[in-house]
1. Can you tell me which of 30, 129, 44 moves the most in a GNM of the chain? Springs connect C-alpha atoms under 10 Å apart.
2. How large is the translational diffusion coefficient of the chain in µm² per second when you combine the Kirkwood radius over alpha carbon pairs with Stokes-Einstein at 4 °C and 1.567 mPa s?
3. What percent antiparallel are the DSSP beta bridges of the chain, to the nearest 5?
4. Compute the helix-to-body angle for 134-145: its Cα long axis versus the longest principal axis of the chain, expressed 0 to 90° and rounded to tens.
5. Exposure proxy check: 92, 114 ranked by fewest other beta carbons within 10 Å?
6. Provide 21, 16 in ascending order of the number of other Cβ atoms located within 10 Å of each residue's Cβ, fewest first.
7. Using only Cα atoms, find the angle between the long axis of helix 103-127 and the longest principal axis of the chain, and express it within 0 to 90 degrees, rounded to the nearest 10.
8. Could you list 140, 53 so that the one with the fewest beta carbons within 10 Å of its beta carbon is first and the one with the most is last?
């Protein structure tokens with residue numbers, strides 16, 4: 001995902017997806033991730049204004065069974081887009097990391113993945129001297145996903 005990120009609302013988190021799965025797996029993903037009670041719907045409750053003005057948008061790129069060359073060349077986090085005050089973070093979903101897990105394990109996987117990905121923001125925030133309260137963000141995400 002390169003180029004400009006366009007954002008028109010106050011949500012801190014959003015997602016985009018690249019699905020390579022069957023219809024039944026797509027339904028499973030929608031139920032766990034995208035529905036009104038899904039994982040990313042919960043994260044959309046958080047507004048960027050609560051954490052400072054340095055980071056206004058975190059885009060999670062959901063890659064379901066990415067092809068090998070994409071997986072090999074994927075960065076752990078994008079560069080900071082100063083004009084949009086944004087970063088994008090890829091999340092790989094495949095058999096090992098999602099489809100063979102039970103419901104509780106899926107929730108735990110997603111929660112741990114998001115927590116680890118938020119840790120990657122620490123260096124971006126420090127390096128770019130961003131006005132962003134990462135500790136408050138981590139705590140709010142943790143509370144929301146419990």
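Any read-out appearing in this document is the output of simple, stated calculations on the displayed coordinates, not a laboratory observation. Quick caveat, the model's predicted, so the values are computed rather than measured. Reconstructed Cβ throughout: ideal geometry from the backbone, glycine too, with neighbour counts over all protein chains shown.
1. Of the options given, 129 has the highest mean-square fluctuation.
2. Numbers: Rh = 15.8 Å.
The Stokes-Einstein estimate is 82 µm²/s.
3. Numbers: 2 of 16 bridges.
So the antiparallel bridges amount to about 10 percent of the total.
4. 30 degrees
5. 92, 114
6. Ordered from fewest to most neighbouring Cβ atoms within 10 Å, 21, 16 come out as 16, 21.
7. Between the helix axis and the principal axis of the chain, the angle is about 30 degrees.
8. Lowest count first: 53, 140.
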